[in-house]
Each structure stands twice: as C-alpha cells, then as structure tokens.
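Only one structure is covered here, and it is reproduced in the block below.
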Amino acid sequence: MNIKLGQADAMRNAKKVIAEVSAEFEKETGRKYSFFEEYKMEDAEYVVVCMNSTAGTAKYAADKLRENGLKAGVVKLRMFRPFPGEELAKALSKAKAIAVLDKADGLNAIGGPLFTDVTSAMYTENVKVPTVNYIYGIGGRDTKSDDIEKVFEDLKEVANSEKVENPYRYLGLRRE
C-alpha cells in the first residue's frame, strides 16, 4: 500500500515538474508545450479529443467543417500520464458534445482508455457534456478526414438529443 501511495504522489508531482520544464523550454526556445494542444477551441461547440498523428487529420476535418459553419474544435493530448484531468475538463466544459478517439479498445465494454480517463476527469470536475467514444485505426486501418468529419456530424445529433444512446462506437468498420 505504501509503495502504491508513493507512486500516486509521484504522478501528482510529475504534473508540476512537467509544467516547470515546459516553462523553461518556452523561455529558452519560444516554443510552448502544454499538457495538451487546443485547436480552434475558443468557440468550439463540437470537440474531438485525440492523440498523436490523428490530430492533424482531425484539425483538417475541423477546418473543412468550419468553412460550412460547424464550430468544430480539437484537443490533442501531449501527455497521457500523469493524466491532466482537471485542466482537460476545464478546456472541454463549454462544448455541446465531445468525441474521444481511442486507438485501443479497453475490453471493458464501456470504452477505450482515453475515453474512460476523459469521462472520469469530467465527472470529477463536475463537467456535464454528452461524450461518446470511437475506437479507430486498430491494426493499422486508415482513418481519413471523411471519417472524422462524420464524427463531428454525429456530435451535432448527440448535442441535439442531449443524451447518448450508444457511447461506445467503432469508426471505419468494414461491413459486408
């Protein structure tokens, strides 16, 4: 028990250390790296949360949809552990609907690892925004901007219904 408590304390302290190192890096280079990157989040109503290279595709889809009037935004996590729950929940608090993209399935019948951490953080911070999960890209399956555009379109329906019928979804399935 004491070892686990020590690990938990170290993870909580790591956020502070990461923020300090990031501030030093910014001072030296002029480049800022936060726990996550917010893209067009100032007025975003529909938000995709993702990690890694998928963020580039999501940003492209958001730009395309914004040309048609959809207020799409993207949050790209740069750090998964320790999880920036409080900060992320605050960033997502003004959205009408959120989709979390997971490139791994949680095998728990409720969502992938990123989804469960995001929704847990939102619950802990009392942020109530309808949120769905999409499992995608498993086995190297391509995820195209059209796929992510569909996710944003689905978020409009989620926001309009104000409830989530099926939060656990798959993106890019081949159906015969």
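The values are calculated or read from the model by the stated rules, or taken from the named source; none is laboratory data. In this text, all values refer to a predicted model and were calculated from it rather than measured experimentally. For neighbour counting, all protein chains shown are included, and Cβ atoms are generated from backbone atoms with ideal geometry for every residue, glycine included.
Observations, loosely collected:
- Every pair of residues 6+ apart whose Cβ atoms lie under 6 Å, when the first sits in the range 43-56 and is within 11 Å of residue 96 (Cα to Cα) and assigned by TED's automatic domain parsing to the domain that holds residue 153 while the second is at pLDDT 95 or above and part of a strand (DSSP E or B): 44/73; 46/72; 46/97; 47/73; 47/98
- Restricting the first member to the range 111-128 and to residues that are in the same structural domain as residue 90 (by TED's automatic domain parsing), and the second to residues that are modelled with pLDDT of 95 or more and in a loop (DSSP other than H, G, I, E, B), the beta-carbon pairs closer than 7 Å and six or more apart or on different chains are 117/83; 121/83; 122/129; 127/93.
- Within the range 42-73, if we keep just the residues that are within 11 Å of residue 95 (Cα to Cα) and surrounded by 18 or more Cβ atoms within 10 Å (Cβ to Cβ), the residue that is nearest to the chain's Cα centre (by Cα) turns out to be 48.
- Qualifying residue in the range 119-129 (condition: charged (D, E, K, R) and surrounded by fewer than 21 Cβ atoms within 10 Å (Cβ to Cβ)): yes
- Restricting the search to helices (runs of 4 or more DSSP H) fully inside the range 1-96 and requiring at least 1 residues that are in contact with a helix residue (DSSP H, G or I) (Cβ under 7 Å, 6 or more places away or on another chain) and among the small types (Gly, Ala, Ser) gives 54-67, 85-92.
- Any hit, the range 82-103, residues being more than 15 Å from the chain's Cα centre (by Cα) and without any contact (Cβ under 8 Å) to a residue 40 or more places away in the chain: no
- Of all the listed residues (108, 133), the sole one being of a type outside the set (Phe, Trp, Tyr), in contact with a helix residue (DSSP H, G or I) (Cβ under 9 Å, 6 or more places away or on another chain), at pLDDT below 95 and within 25 Å of residue 79 (Cβ to Cβ) is 108.
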